[in-house]
């Protein structure tokens, strides 16, 4: 049974230990100074990942065949010259009895059901028959894959089901922005109504093509043939396939407005030509920035006060007392 996860390794610094991980990759490398060979590898579990090394005196040619397997490693965790943790390994062996959930990060069945229900509630807000048909037909054909798909393999959404979470979250932000504008930013001389159906359809489908770009954890690899195509076009490919396969009708204007919104979501430098595309662009950008900040806050949640984070080139502030100020 697994005892120590990646996020707990800092508590076992310089200790001789043995633990199990999923071996994401392993390859031979050489030191710059002397050309000494070593194995460079990456270990992961559901809490995160850590780089590892096996130096020449402990190298075994069989180890390269362990890639993609759950392994038990023996060694110690130390700081590298950049003050990052790495696992210095003396020995490694394949294990055959394990619980895969210890090594894969993702939504639980209950969480998956929650996000699926939320997504279909959002779709049911769409009144435009053509867009609604497109949404149902597209999602019904890919839902099992969507529930497993990561939104990324390194950044925000790098867990199984991350794409489903992203879609529901971005759509929610977009809807709230639009409705806030309708209620509170109304100008009496402006009579142009918002196209909520276009916004919701764009928010749900703009990132749908990512299901073809990344494989789920534990492999979590970029699918090479799809990496040739920009993310907006990956989504448009799926939409076009659905329209053709299900014989759906979308006018040229309907499709082009939708595709414009999809491109604007991914490209902040692109100037939106309607308010719905601008709102979607803002919603996705806000989601990515907030999640990125949350990740850094989580990483430093045990610390208090102003903390400098080199990756951000900025300070974060953690309250001195959790749940309130120190003066309460």
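The values are calculated or read from the model by the stated rules, or taken from the named source; none is laboratory data. Bear in mind that the values here come from a model prediction, so they are computed numbers and not experimental data. Methodologically, a virtual Cβ is constructed for each residue, glycine included, from the backbone with ideal geometry; neighbour enumeration extends over all protein chains shown.
Listed values, structure above:
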| read-out | value |
| --- | --- |
| Per-region count, segment 142-178, residues in a loop (DSSP other than H, G, I, E, B) and out of contact with any helix residue (DSSP H, G or I) (no Cβ under 8 Å at 6 or more places or on another chain) | 5 |
| Residue in segment 61-68 that is surrounded by 19 or more Cβ atoms within 10 Å (Cβ to Cβ) and farther than 24 Å from residue 222 by Cα present | no |
| Condition met for residue 228 (over 30 Å from residue 100 (Cβ atoms), crowded, with 19+ Cβ neighbours inside 10 Å and assigned by TED's automatic domain parsing to the domain that holds residue 283) | no |
| Residue list for segment 182-225, filter: more than 22 Å from residue 147 (Cα to Cα) and at pLDDT below 90 | 182, 183, 184, 185, 186, 187, 188, 189, 190, 191, 192, 193 |
| Residue in segment 294-308 that is assigned to a loop (DSSP other than H, G, I, E, B), in contact with a helix residue (DSSP H, G or I) (Cβ under 7 Å, 6 or more places away or on another chain) and either outside the structural domain of residue 156 (by TED's automatic domain parsing) or under 20 Å from residue 167 (Cβ atoms) (or both) present | no |
| Any chance residue 78 is touching a helix residue (DSSP H, G or I) at 6+ places or on another chain (Cβ under 8 Å) and modelled with pLDDT under 95 | no |
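Rundown of residues vs (1) touching a residue at least 40 places away in the same chain (Cβ under 8 Å); (2) part of a helix (DSSP H, G or I); (3) outside the structural domain of residue 63 (by TED's automatic domain parsing), yes/no style:
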site	(1), (2), (3)
78	yes, no, no
81	no, no, no
88	no, no, no
93	no, no, no
115	yes, yes, yes
